[in-house]
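**Q** Just dropping this structure here.
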Amino acid sequence: MTSLTDSALTALQLIVSLDPVFLAIVGRSLAVSTCACLLACSMGLVVGAWLGVARFRGRGVLLTVVNTSLAVPSVVVGLVVYLLLSRSGPLGFLGWLFSFKAMVLAQAVLVLPVVTALTRQTVQDADTLHGEQLRSLGAGTGVRSLLLAWDERYALLMVVIAAFGRAISEVGAVMIVGGNIDGFTRVMTTAIALETSKGDLPLALGLGLVLLVLVLILNTAVSFLRSWRERVDGASGQGALHAGTAGAGLV
């Protein structure tokens, strides 16, 4: 118990004293996850919104692939990215393996199905409720997807927050493609795994505490957005959608 107490106190001291090594690991984690989330969301939001309203042959198969990708373990994603970036792989010429870019790519690949699937479901539900009205105004697939995505922007913002939480808490993929190199590719999750195995509990506890706080902040933000959206929708009805359908009639 004394050892655990001492480790916890040392961990708090690392946080309060703003230890440079500690801050570097936290900052690197935030940078990797932010870049990966931006990359995944820039593609996933667009593709997901389009899949929510588009109807074409093979759509069911594509949705099955996307939904199946949600259950793929992070270590498998890391292995695939590793093979792609290895010297004998098709992307080996980039020289990204064991680098910041490799970790961003791995996390983006891991998060992309989450963003795509959740966005598709959100827009599809909105299309079920309001799609007929938009179609009667002459809105095509692209216009409908944009209008419905904008009308569900608060829900999609929650999707982005959830995607960031998925990225920052990931360990397997970034450890495989990043190599967990001290000062270069070591992030919070990989550092926690390494320092725990080495018996350096203060650093592991400090990083774990920061990670828990970040996850708590993300969950609080999602809850706040959900309640705020319910209040806004209750106060304005479907004002945003009505404004959007008016614009669709001009397209």
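The values are calculated or read from the model by the stated rules, or taken from the named source; none is laboratory data. Just so it is clear, the structure is predicted and the values come from calculations on it, not from any experiment. Ideal geometry is used to build each Cβ from the backbone, glycine not excepted, and the neighbour counts take in all protein chains shown.
**Q** For Val213, are the conditions met, namely being aliphatic (A, V, I, L, M), surrounded by 16 or more Cβ atoms within 10 Å (Cβ to Cβ) and out of contact with any Leu (no Cβ under 8 Å at 6 or more places or on another chain)?
**A** In short, no.
**Q** Could I ask something else about it? In this structure, does Ala173 turn out to be in contact with a Gly (Cβ under 7 Å, 6 or more places away or on another chain) and buried (at least 24 other Cβ atoms within 10 Å of the Cβ)?
**A** yes
Residue-by-condition table, conditions (1) at pLDDT below 85; (2) surrounded by fewer than 18 Cβ atoms within 10 Å (Cβ to Cβ):
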site	(1), (2)
Val159	no, no
Ile181	no, yes
Thr196	no, yes
Pro202	no, no
Leu209	no, yes
Leu241	yes, no
Gly249	yes, yes
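**Q** Here is a further query. Which residue is farthest from Ser17 (Cα to Cα), if the candidates are limited to the range 216-225 and must be surrounded by 13 or more Cβ atoms within 10 Å (Cβ to Cβ) and at pLDDT below 85?
**A** Of everything passing the filter in the range 216-225, Leu225 is farthest from Ser17 (Cα to Cα).
**Q** Right, next: Are any residues in the range 14-53 of a type outside the set (A, V, I, L, M, F, W, C) and either under 14 Å from Ala204 (Cβ atoms) or surrounded by 14 or more Cβ atoms within 10 Å (Cβ to Cβ) (or both), and if so, which ones?
**A** Of everything in the range 14-53, those that are of a type outside the set (A, V, I, L, M, F, W, C) and either under 14 Å from Ala204 (Cβ atoms) or surrounded by 14 or more Cβ atoms within 10 Å (Cβ to Cβ) (or both) turn out to be Asp19, Arg28, Ser29, Ser33, Thr34, Gly44, Gly48, Gly52.
**Q** Do any helices (runs of 4 or more DSSP H) entirely within the range 15-91 hold 3 or more residues that are closer than 14 Å to Val104 by Cα and modelled with pLDDT of 95 or more, and if so, which?
**A** So the answer is 20-53, 74-85.
**Q** Same structure again: Might you let me know whether the range 68-81 holds any residue that is surrounded by fewer than 15 Cβ atoms within 10 Å (Cβ to Cβ), polar (S, T, N, Q), more than 25 Å from Ile168 (Cβ to Cβ) and in contact with a helix residue (DSSP H, G or I) (Cβ under 9 Å, 6 or more places away or on another chain)?
**A** no
**Q** Looking only at the range 102-147, how many residues end up being surrounded by fewer than 18 Cβ atoms within 10 Å (Cβ to Cβ), of a type in the set (D, E, K, R) and at pLDDT 90 or above?
**A** Adding up the residues that qualify gives 1.
**Q** From Val213, Val187, Val177, Val171, grab the single residue that is closer than 12 Å to Ile25 by Cβ, at pLDDT 90 or above and not small (Gly, Ala, Ser).
**A** It is Val187.
**Q** So which pairs qualify, if the first residue must be in the range 191-210 and over 12 Å from Ser169 (Cα atoms), the second must be modelled with pLDDT under 90 and of a type in the set (Ser, Thr, Tyr), the Cβ gap must be under 6 Å, and the two must be at least 6 apart or on different chains?
**A** Close Cβ pairs (under 6 Å, with a partner that is modelled with pLDDT under 90 and of a type in the set (Ser, Thr, Tyr)) amount to Leu201/Ser7; Pro202/Ser7; Pro202/Thr10; Ala204/Thr196; Leu205/Ser7.
**Q** Then there is this: On the given criteria, is Gln107 over 15 Å from Val177 (Cα atoms), assigned to a helix (DSSP H, G or I) and not charged (D, E, K, R)?
**A** When the stated conditions are applied, Gln107 does not pass them.
**Q** Tell me, which helices (runs of 4 or more DSSP H) lie completely within the range 150-227 with 1 or more residues that are touching an Asp or Glu at 6+ places or on another chain (Cβ under 8 Å)?
**A** Counting at least 1 such residues, we get 188-198.
**Q** In addition: Restricting to the range 122-138, name every residue that is more than 21 Å from Tyr154 (Cα to Cα) and out of contact with any Gly (no Cβ under 8 Å at 6 or more places or on another chain).
**A** Within the range 122-138, Glu132, Gln133, Arg135, Ser136 meet the criteria.
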